[in-house]
Amino acid sequence: MNRTYKAAVFDMDGTLIDSLADLAASANEVMRSFNFLEHTLEEYRNFVGNGARKLMERSLPAKERENTALIDEATARYIKCYLNGHLLDKTKPYDGILEMLDTLKSRGVKLAICTNKPHDAAVKVAEKLFPPNTFSAIVGDKKGLKRKPDPTNLLKIIADFGVTPAETAYFGDSGTDMKTAVNAEVLPVGVAWGFRPQKELWETGAKTVLVHPNELLNKVEFVEQ
């Protein structure tokens, strides 16, 4: 790649952190509260990525997936359960992530998180698992904001950073993330250690895919200040 990038924006779940077990535990607790069937970890791997409400919709029995009131109630229960019960039971950064972020930070690269995770949860997790001031911006799912793959939140982060889309790389583990990057006209970088297969990343627009965080600087050239 011939460009030099000045900003790196990251998805959270499946990209920076391995949180699937805690997401699944929270969702299953909600399913139990309604006396619905629970799901396996592998099923949740395909349910997550589009926000809490979509997670609940996918988790509910098929006959209930158009029941708006039930989805609303399940989503409220899920957010409460996740924030207050399972936020950091098993969640941790993937191997090599802290070192990768430290390297980028030391070069003067602007770092941010843009995720469909509930905003309050994203902020709390970042505060607990990453050194202070690692990220200059964290934007999660909250009322009034559009969810990925809509590029609005990502483009606002880029504008606030004072850089252009052409100077920005977006990292994610799912097709939703790659579509977001394509929609924002930034560099789509897939990560293969997350929740989705590499095939999905390539098919949805990834320009490169990292198998381990230590490959980053070999595949994407960042500014050094």
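The values are calculated or read from the model by the stated rules, or taken from the named source; none is laboratory data. In this text the structure is predicted, and so the values were computed from the model without any measurement. Cβ placement follows ideal geometry from the backbone for every residue including glycine, while neighbour counts extend to all protein chains displayed. Quick note on the areas: whole protein, heavy atoms, side chains included, nothing else; ligands and nucleic acids left out. Shrake-Rupley method; radii C 1.70, N 1.55, O 1.52, S 1.80 Å.
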Among the listed pairs 80/199; 92/199; 63/199, those beyond 29 Å (Cα-Cα): 80/199; 63/199
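Would you mind working out the accessible area per residue for the chain, using a 1.4 Å probe, and quoting it in Å²?
Numbers: 10660 Å² over 225 residues.
Per-residue value: 47 Å².
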Full-stretch length increase - residue 159, residue 38 - with 0.36 nm per residue and alpha-carbon distance subtracted: 39.4 nm
Lysine pair count for region 119-178 [Cα-Cα under 19 Å; pairs on different chains or 8 or more apart]: 6
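Could you check what % of the DSSP bridge pairs in the chain are antiparallel, to the nearest 5?
So the antiparallel bridges amount to about 10 percent of the total.
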Cα centroid of region 195-225 to Cα centroid of region 128-174, whole Å: 17 Å
Accessible area of region 95-225 belonging to carbon and sulfur atoms, whole % at 1.4 Å probe: 49 percent
Table column - 3J(HN,Hα) (Hz), region 104-118, Karplus curve with 6.51, -1.76, 1.60, x for Gly and Pro: 5, 4, 5, 8, x, 6, 7, 10, 8, 10, 10, 9, 8, 5, x
Selected from 15, 151, 100, residue furthest toward positive end of dipole (the chain; charges at beta carbon): 151
